[in-house]
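Visitor: Pasting in a structure now, in structure tokens, and then I'll have a few things to ask.
The values are calculated or read from the model by the stated rules, or taken from the named source; none is laboratory data. It should be emphasised that the depicted structure is a prediction, and the values quoted were computed from it without experimental measurement. Reconstructed Cβ throughout: ideal geometry from the backbone, glycine too, with neighbour counts over all protein chains shown.
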Amino acid sequence: MARQIQSLHWLSNGRAGWNIVTALDGNENFGLAEMPSAEERYARAAEFTEVVRLLWESYPADAIRADRVSGVYADTARVRSIAHVGRHLSVKGPLTLPCFGNARVPLIQAGASPAGRNFAASIADAVFASTPDKQAAMDLRLDLRRRAEGHGRQAGDILVMPGLSLYLADSRAEAKDLFAATHAHADRARAIASVRAMIGLDLADWPQDKRITIGDLPTMPQAPRSRTHSELLRRAILRDEPTVDELLRLPEVMASAHWQIVGTVDDALAEIRDWMADAAIDGFIAVPGGSVTSMRLVLERLVPSLADAGLFRKHYEASTFIGHLAER
Ligand SMILES: Cc1cc2nc3c(=O)[nH]c(=O)nc-3n(C[C@H](O)[C@H](O)[C@H](O)COP(=O)(O)O)c2cc1C
């Protein structure tokens, strides 16, 4: 892992990042019947991340001499074993690959259970978040900033960047049509199964127009696939009291609970500006959807509009990913 990411960092001239997830259904990759508990997963993640960081530091960039005359490639005294022996990993090191310059690989985290937030607050430069509404983003951002301070970091050391699905068109009506057409073939049975798995509520026999309220919510499943997504779905029910039909169309069910904008470029600009003004986000991860035109509107019209509004850079100052995060 340390080698792969550091190699990518070299190949991209310092533009690699690492999204550290404790994985959905990761157990299946390793022949385990179940996922370990959240506590266990995040304890492993913390040790794993620490070891990767130590490995990256074990062979610093300035250890390289590349001196043809004396025949010295690297100053071996600067390349050190890490001799890590921990609860989950024993790794001797050092890495056989030097670190890329002084621009470190940004660490991103995704997963917002209490254990996930604590882990993020201790190490992450940025969080890839699911925040379907502004209040969810504001709450998460405030909480992560506080937790970061609790770990001896500055509040501003951790950036909150939710996924943002963008279905853009020249008019609102066209954007709505685009969204509807994109999801016209969504599998209802699959959405119902997903709701059942997330919050234990079986809607199979419910009439489409029946409202779901707090009283209908069973207790949370003991070990949900993603606590983050289960909590967000419960939250949506408390927030909207949706009908079954409405619920099955919510981003909490259909789209990884991402923030969603269906409208014109100006609509998107106004909403992003509003979220920024209310300190709900530090940036976002654009997920353009629906059509190539929608993607073009994001890249060719929305991004320049954001730059004109002072919400995005006009030119790059830095050349690395960590530099870009700092200069946003
Ligand atoms: C925005 C976001 C993106 C995620 N991306 C991935 C991913 O790419 N791969 C993956 O296996 N899990 C992904 N996850 C799931 C998390 O790794 C994690 O397993 C899940 O959220 C459960 O952790 P939790 O208990 O902290 O919620 C993502 C979660 C979120 C919120």
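Visitor: Here is a check on your reading of the model: is LEU11 away from the ligand (no atom under 13 Å from the Cβ) and either in the same structural domain as ARG235 (by TED's automatic domain parsing) or closer than 30 Å to SER194 by Cβ (or both)?
Guide: Here the answer is no, as LEU11 does not meet what is asked.
Visitor: Which of the numbered conditions does LEU32 fail, given that it passes all the others? Conditions: (1) in contact with a Gly (Cβ under 8 Å, 6 or more places away or on another chain); (2) of a type in the set (A, V, I, L, M); (3) within 16 Å of the ligand (Cβ to nearest atom).
Guide: Unmet for LEU32, out of (1) in contact with a Gly (Cβ under 8 Å, 6 or more places away or on another chain); (2) of a type in the set (A, V, I, L, M); (3) within 16 Å of the ligand (Cβ to nearest atom): (1).
Visitor: Can you tell which of ALA63, ALA74, ALA45 is assigned by TED's automatic domain parsing to the domain that holds SER122, on the phi < 0 side of the Ramachandran plot, under 22 Å from the mean Cα position of the chain (by Cα) and in contact (Cβ under 8 Å) with a residue 12 or more places away in the chain? Write out each step before concluding.
Guide: Working: ALA63 fails: under 22 Å from the mean Cα position of the chain (by Cα); ALA74 fails: under 22 Å from the mean Cα position of the chain (by Cα).
Within the list ALA63, ALA74, ALA45, the selection yields ALA45.
Visitor: Could you list, ordered by first residue, the pairs with Cβ atoms under 9 Å in which the first is in the range 212-238 and under 19 Å from ALA136 (Cα atoms) and among the basic types (Lys, Arg) and the second is within 10 Å of the ligand (Cβ to nearest atom) and assigned to a loop (DSSP other than H, G, I, E, B), at least 6 apart or interchain?
Guide: Taking only residues 6 or more apart or on different chains, the pairs are ARG227/GLY111; ARG227/ALA112; ARG227/SER113.
Visitor: Kindly indicate whether VAL292 is in the same structural domain as ASP202 (by TED's automatic domain parsing) and surrounded by 17 or more Cβ atoms within 10 Å (Cβ to Cβ). Full working, then the answer.
Guide: Values: in the same structural domain as ASP202 (by TED's automatic domain parsing): yes; surrounded by 17 or more Cβ atoms within 10 Å (Cβ to Cβ): no.
It is false that VAL292 is in the same structural domain as ASP202 (by TED's automatic domain parsing) and surrounded by 17 or more Cβ atoms within 10 Å (Cβ to Cβ).
Visitor: Can you name the residue in the range 119-142 that is out of contact with any Pro (no Cβ under 7 Å at 6 or more places or on another chain) and within 11 Å of the ligand (Cβ to nearest atom) and, of all such residues, is farthest from GLU327 (Cα to Cα)? I'd like the intermediate steps shown before the answer.
Guide: The first filter runs over the range 119-142 and keeps only residues out of contact with any Pro (no Cβ under 7 Å at 6 or more places or on another chain), leaving 119-124, 127-128, 133-136, 138-142.
Next, only the ones that are within 11 Å of the ligand (Cβ to nearest atom) stay: 119-120, 127-128, 140.
Numbers: PHE119: 25, ALA120: 21, VAL127: 17, PHE128: 18, LEU140: 22 Å.
Among them, the one singled out is PHE119.
Visitor: Give the residue, chosen from ARG273, ARG296, ARG301, that is closer than 30 Å to ALA326 by Cα, of a type in the set (Lys, Arg), touching a Leu at 6+ places or on another chain (Cβ under 7 Å) and part of a helix (DSSP H, G or I).
Guide: Details: ARG296 fails: touching a Leu at 6+ places or on another chain (Cβ under 7 Å); ARG301 fails: touching a Leu at 6+ places or on another chain (Cβ under 7 Å).
Just a single option satisfies the conditions, and that option is ARG273.
Visitor: Give me the strands (runs of 3 or more DSSP E) completely within the range 1-93, filtered to those with at least 1 residues that are exposed (fewer than 13 other Cβ atoms within 10 Å of the Cβ), ordered by residue number. If you could, list the steps in order and put the result at the bottom.
Guide: Values: elements: 18-20, 64-67, 72-74.
Of the strands (runs of 3 or more DSSP E) lying wholly inside the range 1-93, those with at least 1 residues that are exposed (fewer than 13 other Cβ atoms within 10 Å of the Cβ) span 64-67, 72-74.
Visitor: With respect to THR96, determine if the residue is among the β-branched types (Val, Ile, Thr), within 16 Å of the ligand (Cβ to nearest atom) and assigned by TED's automatic domain parsing to the domain that holds ARG147. Full working, then the answer.
Guide: Working: among the β-branched types (Val, Ile, Thr): yes; within 16 Å of the ligand (Cβ to nearest atom): no; assigned by TED's automatic domain parsing to the domain that holds ARG147: yes.
The answer is no for THR96.
Visitor: For the range 215-252, name all the residues that are touching a Ser or Thr at 6+ places or on another chain (Cβ under 7 Å), surrounded by fewer than 16 Cβ atoms within 10 Å (Cβ to Cβ) and under 19 Å from GLN135 (Cβ atoms).
Guide: Residue satisfying the conditions is GLU241 alone.
Visitor: Can I ask one more? Determine which single condition ALA175 fails, assuming it passes every other condition in (1) at pLDDT 95 or above; (2) surrounded by fewer than 20 Cβ atoms within 10 Å (Cβ to Cβ); (3) closer than 30 Å to ARG296 by Cβ.
Guide: In the conditions (1) at pLDDT 95 or above; (2) surrounded by fewer than 20 Cβ atoms within 10 Å (Cβ to Cβ); (3) closer than 30 Å to ARG296 by Cβ, ALA175 misses (2) alone.
Visitor: Something else now. Within the set of pairs 6 or more residues apart or between chains, which connect a residue that is free of Cβ contacts under 8 Å to residues at least 60 places away in the same chain inside the range 11-38 to a residue that is among the small types (Gly, Ala, Ser) and within 14 Å of the ligand (Cβ to nearest atom) with Cβ atoms less than 8 Å apart?
Guide: The qualifying pairs are ASN29/ALA23.
Visitor: Looking at (1) closer than 28 Å to LEU306 by Cβ; (2) out of contact with any Leu (no Cβ under 9 Å at 6 or more places or on another chain); (3) of a type outside the set (Gly, Ala, Ser), which is the one condition that is false for VAL265?
Guide: (2)
Visitor: Just give me the residues in the range 236-270 being assigned to a loop (DSSP other than H, G, I, E, B) and within 21 Å of the chain's Cα centre (by Cα), in sequence order.
Guide: Once the filter is applied, which keeps residues that are assigned to a loop (DSSP other than H, G, I, E, B) and within 21 Å of the chain's Cα centre (by Cα), the range 236-270 yields LEU250, ALA255, SER256, ALA257, HIS258.
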